[in-house]
Amino acid sequence: MMHRVLRFERAQRLNEYIKNIAPGIFIQELFTQPGSIGAICPSSRYLARRMAQQVPRDTDGLVIELGGGTGVITQALLDQGIAPKNLMVVEYSRPFVRRLRERFSDVNIVHGNAADLCQLVPPGRKIKAIVSSLPLCSLPDPLTQLILQQWQTLLRENGVAIQFSYHLRTPKWRHYLTPKHTCSKMVWANLPPANITTFSFSEPTLPHSAP
Ligand SMILES: C[S@@+](CC[C@H](N)C(=O)[O-])C[C@H]1O[C@@H](n2cnc3c(N)ncnc32)[C@H](O)[C@@H]1O
């Protein structure tokens, strides 16, 4: 009997441990909220670095990351030289928010919905980039439309939106955006390979990424 109690306690401890490490949280969220995760595993470091490289370097302003998840892109943005005070992460899932706040204590991690972005951004703050890994193809269509409307409103005068997708063909959500410029690049070192697109809704040209 004692033996069985000990085994149960050990299994519970293991379960707690797995739930609190990044891959464990990702798997748990994938099973409980598959539509809002929309990926089979977190982005690779290569994809994260490529996303971060699309952020313009020659302007100032706030960088907003949407769907921080386990924090791989958050880390890449910081590694790219973005100061924590100039970074804001919006994440919908509470377990991810908890983990992101532990890992990036000096970054503003907002527990919220990207569809409410206009209300979440500090008033009057200039926005340099919206870096999104939201699963726009698997979110409900009206929600996707609402999210993309916020991008167009916030980036009307300057800044870029950076989004990756796994689709070879133009995804449906692209038709909801009316950018002035776009540029795309493929990242093969990711599971599955991903296509990064950068959108600009104002006149200045798009940044060139490092090779
Ligand atoms: C594909 S995962 C990306 C996670 C991480 N950035 C990466 O690249 O591995 C999508 C993330 O978007 C979050 N998400 C989904 N819908 C959201 C919404 N409406 N607002 C904010 N975050 C959302 C999910 O909780 C999840 O963390």
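Some points to look at:
- Where residue 85 falls short, out of the listed (1) out of contact with any Asp or Glu (no Cβ under 9 Å at 6 or more places or on another chain); (2) of a type in the set (D, E, K, R); (3) over 17 Å from residue 73 (Cβ atoms): (1)
- Where residue 157 falls short, out of the listed (1) within 18 Å of residue 201 (Cβ to Cβ); (2) of a type in the set (Asp, Glu); (3) free of Cβ contacts under 8 Å to residues at least 40 places away in the same chain: (3)
- Only residues that are more than 30 Å from residue 83 (Cβ to Cβ) and either at pLDDT 95 or above or within 10 Å of the ligand (Cβ to nearest atom) (or both) were counted across region 129-138, and they come to 1.
- Qualifying residue in region 194-211 (condition: of a type in the set (Phe, Trp, Tyr), outside any helix (DSSP H, G or I) and closer than 21 Å to residue 44 by Cα): no
- Close pairs (7 angstrom Cβ cut-off, 6 or more residues apart or separate chains): more than 14 Å from residue 49 (Cβ to Cβ) in region 180-209, modelled with pLDDT under 90 and of a type in the set (A, V, I, L, M) anywhere: 181/206; 183/206; 191/40; 198/206; 200/206
- Among the residues of region 121-148, the ones that are surrounded by fewer than 22 Cβ atoms within 10 Å (Cβ to Cβ) and in contact with a Phe, Trp or Tyr (Cβ under 8 Å, 6 or more places away or on another chain) come to 3 in all.
- Meets criteria (over 29 Å from residue 170 (Cβ atoms), open to solvent by less than 50 Å² (accessible area, probe 1.4 Å), out of contact with any Gly (no Cβ under 6 Å at 6 or more places or on another chain) and within 9 Å of the ligand (Cβ to nearest atom)) for residue 71: yes
- Condition check for residue 76: crowded, with 22+ Cβ neighbours inside 10 Å, part of a helix (DSSP H, G or I), among the hydrophobic types (A, V, I, L, M, F, W, C) and more than 9 Å from the ligand (Cβ to nearest atom): yes
- Residues of region 46-66 that turn out to be open to solvent by 20 Å² or more (accessible area, probe 1.4 Å) and within 12 Å of the ligand (Cβ to nearest atom), as a count: 3
- The number of residues in region 149-204 being touching a Cys at 6+ places or on another chain (Cβ under 7 Å) and under 19 Å from residue 125 (Cα atoms) comes to 3.
The values are calculated or read from the model by the stated rules, or taken from the named source; none is laboratory data. None of the values given here were measured: they were computed from a predicted structure. Neighbour counts are summed over all protein chains in view; Cβ atoms, including those assigned to glycine, are modelled from backbone coordinates with ideal geometry. Accessible surface areas use protein heavy atoms only, side chains included; no ligands, DNA or RNA. Shrake-Rupley method; radii C 1.70, N 1.55, O 1.52, S 1.80 Å.
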